[in-house]
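To start, the structure itself, in structure tokens.
The values are calculated or read from the model by the stated rules, or taken from the named source; none is laboratory data. The model shown is predicted, which means the values in this text are computed figures rather than measured ones. FYI the Cβ positions are ideal-geometry reconstructions off the backbone, even for glycines, and counts take in every protein chain you see. Ligands, DNA and RNA are stripped out before the accessible areas are found, and what is left, the full protein with its side chains, is counted by its heavy atoms. Shrake-Rupley method; radii C 1.70, N 1.55, O 1.52, S 1.80 Å.
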Amino acid sequence: MTALRLLAVAACAAVFTSCSSSVDMPKGNSKGYQSARLVKRAPNEVSQTAVEKQVHGLIQNSLKQQFSSRGLAYNQPNADLVVAYMVIYQDNAMTTSYDDYFGYGRDANAILGLAHERGVIKGDRPDYFERAGLVVDVVDAKTNKLVFRNVAVGDIVKGASSSQRAARVNAAVNEALAPFFK
């Protein structure tokens, strides 16, 4: 998956921001929590391409910045919160995801199916499109309960520079997490 396709995933998220009851969308907040860490990726996952590593690095740096700038320690081994994310790519014919940093047991397939239904099957865009969505989950590490889930979606920009790509990823992470920090 190219970096542009990963960024398109950020666009896909808006497709299901008004998720039906089939996908849990809790809207908890950061109050009472002091630390967070990224979900642990399975050690035997397929290697990422250089572009995938770059985009995931941008997402992970932005996540760290979002939590750190709000006074939460980030990537402590015994953190209060576990932060997970899934990138969804969609065009007018198909929807796919990259969920190595999403963890397990929180409806990844249901989210992907809902995004496909709303964006492709019931979508009303007459022309070819590519978009990306970023789904961000925040899980209470002690109870393993999903505290917060939100999405950000945007169209993929072909030929984006590295700085444009970084700005778009940062904006998507900020959009997805902003309600959590209110």
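Residues are listed down the side, and each one gets a yes or a no for (1) assigned to a loop (DSSP other than H, G, I, E, B); (2) open to solvent by 90 Å² or more (accessible area, probe 1.4 Å); (3) in contact with a Phe, Trp or Tyr (Cβ under 7 Å, 6 or more places away or on another chain); (4) more than 27 Å from G159 (Cβ to Cβ):
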{"position": "K31", "(1), (2), (3), (4)": "yes, yes, no, yes"}
{"position": "A42", "(1), (2), (3), (4)": "yes, no, no, yes"}
{"position": "S47", "(1), (2), (3), (4)": "yes, yes, no, no"}
{"position": "K53", "(1), (2), (3), (4)": "no, yes, no, no"}
{"position": "G71", "(1), (2), (3), (4)": "yes, no, no, yes"}
{"position": "Q76", "(1), (2), (3), (4)": "yes, no, no, yes"}
{"position": "A79", "(1), (2), (3), (4)": "yes, no, no, yes"}
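The residues in the range 76-91 that are within 13 Å of L38 (Cβ to Cβ), at pLDDT 95 or above and out of contact with any helix residue (DSSP H, G or I) (no Cβ under 7 Å at 6 or more places or on another chain) can be counted, and the count is 4.
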